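K.L.:
Here it is, the structure, as structure tokens.
The values are calculated or read from the model by the stated rules, or taken from the named source; none is laboratory data. These numbers come from a predicted model, not from an experiment. Note that each Cβ is placed from the backbone with ideal geometry, even for glycine, and that neighbours are counted across all protein chains shown. Ligands, DNA and RNA are stripped out before the accessible areas are found, and what is left, the full protein with its side chains, is counted by its heavy atoms. Shrake-Rupley method; radii C 1.70, N 1.55, O 1.52, S 1.80 Å.
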Amino acid sequence: MKINQNYRNLRESYLFSEIARKVAAFAAKHPEREILKMGIGDVTLPLAPAVVAAMEEAAREQGDKETFRGYGPEQGYPFLREAIRDYYKTFGVFLDADEIFVSDGAKSDLGNILDVFDADNTVLIPDPVYPVYVDTNLMAGRKIVFAAANEQNGFLPMPDERVGADIIYICSPNNPTGAAYSVEQLRAWVEYANERGAVILYDAAYESFVSEEGLARSIYEVEGARECAVEFCSFSKTAGFTGTRCGYTVVPFALVREGASLHKMWLRRQTTKFNGVGYIVQRGAAAALSAEGRAQIGRNVSVYRANARKICEALDGTGIGYTGGKNSPYIWLKCPKDLDSFAFFDHLLERTGVVGTPGGGFGKNGEGYFRLTAFADGETVEKACKKLRELFGQSIERGRRCI
Ligand code: MLT
């Protein structure tokens, strides 16, 4: 018996598990202290009424012999794939419903997609980044090169002709920095990928937070992207499905490498290893995309956007540099006094009870930065903003300092 030795190259634990453990230890030591959780990007508003009603109805169907359903199609029921196809039309992207695969979330598929690629590929990953891209490739022993995302490039690295890459990860709006690519900037990535026969894995989990004109909601807004990109998205952040679990992956028919259709390979993978998302959950997801559902989930996104604005305003008054928050639920701030991000995590928790995520957990370039999420509930955000003002207000020169 031999274990997968690549696991030895992973950090001791997954970033958000490590943060949860630190917070639990602090809470056990200081039971009297209020903890203001703005660390993991988990939603706090409940499911929309249209979603709940559809799931209740579906649960009743499952309890009736006449309407009961067993195994569904592994790639999702047509009613949901068609609803997702129609959602894409609202931002000018025209897909075939069969190009859409329903899943239990973007995180799973971002890891699972690697099944269709050889271990002997070079992977290009931005740094800082959502840790799942790095960890899943380390598990498979793939060679990773990093694209530096920093203040100089507005946290949006562009292709470098000198760097050879076979698989390229892009997350926009970005987790953790909140930076978002324009359609024009993505065009450069699509050209780079098509020129070298690479594949882009595009994580669009935060697309519903895009508010500025010209920024991309989907990589398929760029011509040529169907020939080189797989897109991952999720109902988690848009419709509050973090605990309900539903997402989708688009693998275009036109994506062919070494004469093989990646769409066919992914279908083969899914039909073998996955039995689909529960019927009840899929009915809920489809309801989130109905006209009524879209209006309801849109209101929730507006609440998170307002939270993000409040956090930005609180920071404006302190002189702490930050980015994000405009097209993203994440605010990416500079640790004061050049503090190490994990030291700042401890300092902030100790002094204010506010929990964020240390930038160093997202990669080398994240060191010296810190992420706050706007998914916290309104009251937590108000209290945290007050504490941030109190903590930073005294020690730091006042005035707006966007990074
Ligand atoms: C985050 O905080 O980065 C996200 O919640 C993680 C995730 O979506 O898996």
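K.L.:
With the contact rule set at Cα under 8 Å and sequence spacing of 6 or more, what percent relative contact order holds for the range 49-290?
P.N.:
28 percent.
K.L.:
Chymotrypsin sites (Phe, Trp or Tyr not before Pro), restricted to the range 88-197: which are DSSP loop and have at most 14 other Cβ atoms within 10 Å?
P.N.:
Within the range 88-197, the qualifying chymotrypsin sites (Phe, Trp or Tyr not before Pro) (loop, at most 14 other Cβ atoms within 10 Å) are 91, 94.
K.L.:
Under 11 Å from a point 7 Å along the Cα-to-Cβ line of residue 268: which residues of the range 113-141 have their amide N that close?
P.N.:
Answer for this model: 116.
K.L.:
What does the charge count around residue 79 come to, taking other residues whose C-beta lies under 15 Å from its C-beta (Lys +1, Arg +1, Asp -1, Glu -1)?
P.N.:
-1
K.L.:
When you count, for each residue, the other Cβ atoms within 10 Å and take the mean per peptide, how do 25-31, 366-372 rank with the highest first?
P.N.:
366-372, 25-31
K.L.:
Follow-up. Determine how many Å³ per residue the convex hull of the Cα atoms of the range 257-372 encloses.
P.N.:
Per residue, the Cα convex hull of the range 257-372 comes to 206 Å³.
K.L.:
Once amide H atoms are built 1.01 Å from N in the peptide plane, which residues 5 or more positions from residue 124, or in another chain, come under 5 Å H to H?
P.N.:
Amide H neighbours of residue 124, under 5 Å, 5+ apart: 145, 166, 167, 168, 169.
K.L.:
I'd like to know which of 157, 7, 261 lies farthest towards the positive end of the charge dipole of the chain, counting +1 on Cβ of Lys and Arg and -1 on Cβ of Asp and Glu.
P.N.:
Value: 7.
K.L.:
Rounded to the nearest 0.05, what FRET efficiency is calculated for residue 383 and residue 16 with R0 set to 30 Å and r the Cβ-Cβ distance?
P.N.:
My answer for the efficiency is 0.85.
K.L.:
Also: Can you give me the three principal axis dimensions of the range 1-97 from its C-alpha atoms, in Å, biggest first?
P.N.:
Principal axes ranked by extent give 53, 46, 40 Å for the Cα atoms.
K.L.:
Continuing with this model, one more query. Say a paramagnetic label sat at a point 7 Å from the Cα of residue 29, along Cα to Cβ; which residues of the range 323-363 have their backbone N under 19 Å from it?
P.N.:
Only 340-358 pass the distance filter.
K.L.:
Once the whole set of protein chains is in place, how much accessible area is left on residue 144, using a 1.4 Å probe, in Å² to the nearest 10?
P.N.:
That residue has around 30 Å² of solvent-accessible surface.
K.L.:
Related question: Per residue, how much accessible area does the range 1-125 have with a 1.4 Å probe, in Å²?
P.N.:
On a per-residue basis, the range 1-125 sits at 56 Å².
K.L.:
Now for a different question. Using a probe of 1.4 angstrom, how much of the accessible area of the chain is carbon and sulfur, in percent?
P.N.:
Roughly 50 percent of what the probe reaches on the chain is carbon or sulfur.
K.L.:
Could you point to the residue in 335, 287, 302 farthest towards the positive end of the range 246-375's charge dipole, with +1 and -1 charges on the Cβ of Lys/Arg and Asp/Glu respectively?
P.N.:
287
K.L.:
Longer than 18 Å from Cα to Cα, which of 37/386; 2/107; 364/387; 237/334; 22/326 are they? Say none if no pair is.
P.N.:
Checking Cα-Cα distances, 2/107; 364/387; 237/334; 22/326 exceed 18 Å.
K.L.:
Could you pull out every residue, at least 5 positions away or on a different chain, whose amide H is within less than 5 Å of the one on residue 180? Hs are placed 1.01 Å off N in the peptide plane, and Pro or chain starts have none.
P.N.:
Those qualifying (amide H under 5 Å, at least 5 residues apart or on another chain) are 174.
K.L.:
Per residue, how much space in cubic angstrom lies within the convex hull of the C-alpha atoms of the chain?
P.N.:
Cα-based convex hull of the chain, divided per residue, equals 161 Å³.
K.L.:
Per the helix-only calculation at 222 nm, which mean residue ellipticity applies to the chain, given -39500 (n - 2.57) for every DSSP H run of n ≥ 4 and division by its residues, nearest 500 deg cm²/dmol?
P.N.:
-12000 deg cm²/dmol
K.L.:
In addition: What is the sum of charges, Lys and Arg at +1 and Asp and Glu at -1, for the other residues whose Cβ falls under 15 Å from the Cβ of residue 168?
P.N.:
Result for the local shell: -3.
K.L.:
Sticking with this structure for a sec: DSSP loop (so not H, G, I, E, B), at most 16 other Cβ within 10 Å: list which trypsin sites (Lys or Arg not before Pro) in the range 152-247 pass both filters.
P.N.:
Sites meeting the loop and neighbour criteria: 162.
K.L.:
Further, regarding this structure: Would you tally the net charge around residue 193, using a Cβ to Cβ cut-off of less than 12 Å, leaving residue 193 out, and scoring K and R as +1, D and E as -1?
P.N.:
0
K.L.:
Using amide H atoms built in the peptide plane, which far-off residues or other-chain residues are under 5 Å from residue 234 H to H?
P.N.:
Amide H to amide H, under 5 Å and 5 or more residues apart or across chains, residue 234 pairs with 248.
K.L.:
While we're here: For the chain, return all DSSP H helices satisfying: extent of Cα atoms along own axis at least 15 Å; mean Kyte-Doolittle hydropathy at least 0.5.
P.N.:
15-29
K.L.:
Read phi for every residue in the range 172-181 and hand back ³J(HN,Hα) as whole Hz from Karplus 6.51 cos²θ - 1.76 cosθ + 1.60, θ = phi - 60°, with x for Gly and Pro.
P.N.:
Computed from phi, the couplings for the range 172-181 are 8, x, 7, 9, x, 7, x, 6, 10, 6 Hz.
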